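Let me begin by handing over the structure; questions about it come next.
The values are calculated or read from the model by the stated rules, or taken from the named source; none is laboratory data. As the structure is a computational prediction, the values presented were derived from the model and not from experiment. So basically every Cβ, Gly included, is an ideal-geometry build from the backbone, and we count neighbours across all protein chains shown. The accessibility values were calculated without ligands, DNA or RNA, using every heavy atom of the protein model including side chains. Shrake-Rupley method; radii C 1.70, N 1.55, O 1.52, S 1.80 Å.
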Amino acid sequence: MIPRYSRPQMAGIWAPETRFRIWFEIEAHAMDAMAELGIVPRDAAQAVWERGKFEVDRIDAIEAEVKHDVIAFLTNVAEHVGPEARFLHQGMTSSDVLDTCLAVQLSRAADLLIEDIDLLLEVLKRRAHEHKLTPTIGRSHGIHAEPVTFGLKLAFAHAEFERSRARLVAAREEIATCAISGAVGTFANVDPRVEAYVADKLGLKVEPVSTQVIPRDRHAMFFATLGVIASSVERLATEIRHLQRTEVLEAEEYFAPGQKGSSAMPHKRNPVLTENLTGLARMVRGYVTPALENVALWHERDISHSSVERYIGPDATVTLDFALARLALVMDKLIVYPERMRKNLDRMGGLVHSQRVLLALTQAGAAREDAYRLVQRNAMRVWESDGALSLLDLLKADAKVSALLTAEQLEESFDLGYHLKHVDTIFARVFGA
């Protein structure tokens, strides 16, 4: 985790103090369940809750000697609990603690990420309605295509992040899994009812069959979901970066008073936030492949996944949390230039209406190939003039075109409003009636 790209609440989930606190709760709840079943004395379970505590520095010191983090933790807790600590960890194995703890941490991280997406959705909805009928050029291959609205661009992003939210909710549900099944997962030395009790206390479900670890396909799906969300972040960030280019300049990131864009060129206003988001998205996606590779563990368990998850758990969630919050800020403060959008829309002499003329010609009786040829030969003249010529004027002057369509029919084909007639329909699909 890099402080520059970390927010305190998410980073706190991965702090050593938080991790050891979850470990303590797993062990203490397990003792409560065992006491209910008559496996350990009730006063021993009570002593753990009353006297049990830990110190991160002390755990680190013990681990330096014993080379085992869970043993170091149990040793430190026992130093405070006293003789009753001998009943801690009865029948359990380290993975019971580690995997259940990771499930809690990832669930809490998912909750924060869902909140981030909800905030972003609110911003996108507001800005989409603000620019619902702000006409702009739609582009395919980066080239002018046909008119859209800026609100439709944002509605597209809203729908995409709605899907992201649904995927994340499903991934959270799948990862929120508890395993207290003992060595190789057979429950030989720990009653399954202990697992059920701990799961209930921690807000988790029991893992149906855990070998000695929770199956890593669950984790792979979780991190893959984060990777997809990061890609959606990058898609919207890339759109803004393109729109901020000087020769386009239809929208740009907010540039604060006193902000400086370049150490060399005082005039620069660069899309630094969305460029940053592109880089952060690459990092989150980079954690997906290791998560997928963690699925194939040896037999009932090995720990080749352990070092990987110590990296990707904190880094992926912290980075995506930061990215989603930054994207919401960018979209909230985004400066939009409707006049420039209209100027760019009109820049190429009406070429954006070529399809309507093509369709009108076919409706008037022309074969599609002939109609295409008639429109294209005039459109190419406009293209080569860099928009100095007017497609409408050229078509009116084309004898073969005017033989099929009147001047009024041609003008009707250049009506901008025609392209916006179903915006309400699309918005109703995205945002509801």
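Return the only residue of Leu324, Leu329 being in contact (Cβ under 8 Å) with a residue 12 or more places away in the chain, buried (at least 18 other Cβ atoms within 10 Å of the Cβ), in a helix (DSSP H, G or I) and out of contact with any Cys (no Cβ under 9 Å at 6 or more places or on another chain).
Result: Leu324 is the single residue among Leu324, Leu329 that is in contact (Cβ under 8 Å) with a residue 12 or more places away in the chain, buried (at least 18 other Cβ atoms within 10 Å of the Cβ), in a helix (DSSP H, G or I) and out of contact with any Cys (no Cβ under 9 Å at 6 or more places or on another chain).
Which residue is surrounded by the most Cβ atoms within 10 Å (Cβ to Cβ), if the candidates are limited to region 258-274 and must be hydroxyl-bearing (Ser, Thr, Tyr) and assigned to a loop (DSSP other than H, G, I, E, B)?
Checking each candidate, the answer is Ser262.
When you scan region 67-74, do you find a residue that is at negative phi, at pLDDT 95 or above and either outside any helix (DSSP H, G or I) or surrounded by fewer than 19 Cβ atoms within 10 Å (Cβ to Cβ) (or both), even just one?
yes
What is the residue count in region 115-135 for residues that are open to solvent by less than 60 Å² (accessible area, probe 1.4 Å) and either farther than 16 Å from Asp424 by Cα or assigned to a helix (DSSP H, G or I) (or both)?
The number of residues fulfilling the criteria is 9.
Out of all the residues in region 275-285, is one or more surrounded by fewer than 18 Cβ atoms within 10 Å (Cβ to Cβ), part of a helix (DSSP H, G or I) and either hydrophobic (A, V, I, L, M, F, W, C) or touching a strand residue (DSSP E or B) at 6+ places or on another chain (Cβ under 9 Å) (or both)?
Checked against the condition, which is being surrounded by fewer than 18 Cβ atoms within 10 Å (Cβ to Cβ), part of a helix (DSSP H, G or I) and either hydrophobic (A, V, I, L, M, F, W, C) or touching a strand residue (DSSP E or B) at 6+ places or on another chain (Cβ under 9 Å) (or both), region 275-285 yields at least one hit.
Moving on. Does region 340-358 hold any residues that are open to solvent by less than 70 Å² (accessible area, probe 1.4 Å), closer than 20 Å to Glu408 by Cα and either of a type outside the set (Ser, Thr, Tyr) or not in a helix (DSSP H, G or I) (or both), and which are they?
Across region 340-358, the qualifying residues are Gly349, Gly350, Leu351, Val352, His353, Arg356, Val357, Leu358.
Moving on. Can you tell me which residue in region 76-85 is most open to solvent (accessible area, probe 1.4 Å), limited to those that are touching a helix residue (DSSP H, G or I) at 6+ places or on another chain (Cβ under 8 Å) and in a helix (DSSP H, G or I)?
The residue in question is Glu79.
Next question. If only one of Ile26, Ile22 is modelled with pLDDT of 95 or more, crowded, with 18+ Cβ neighbours inside 10 Å and within 28 Å of the chain's Cα centre (by Cα), which one is it?
Answer to the selection: Ile22.
Can you confirm whether region 294-312 contains a residue that is farther than 28 Å from Glu162 by Cα and open to solvent by less than 20 Å² (accessible area, probe 1.4 Å)?
Among the residues of region 294-312, at least one is farther than 28 Å from Glu162 by Cα and open to solvent by less than 20 Å² (accessible area, probe 1.4 Å), which makes the answer yes.
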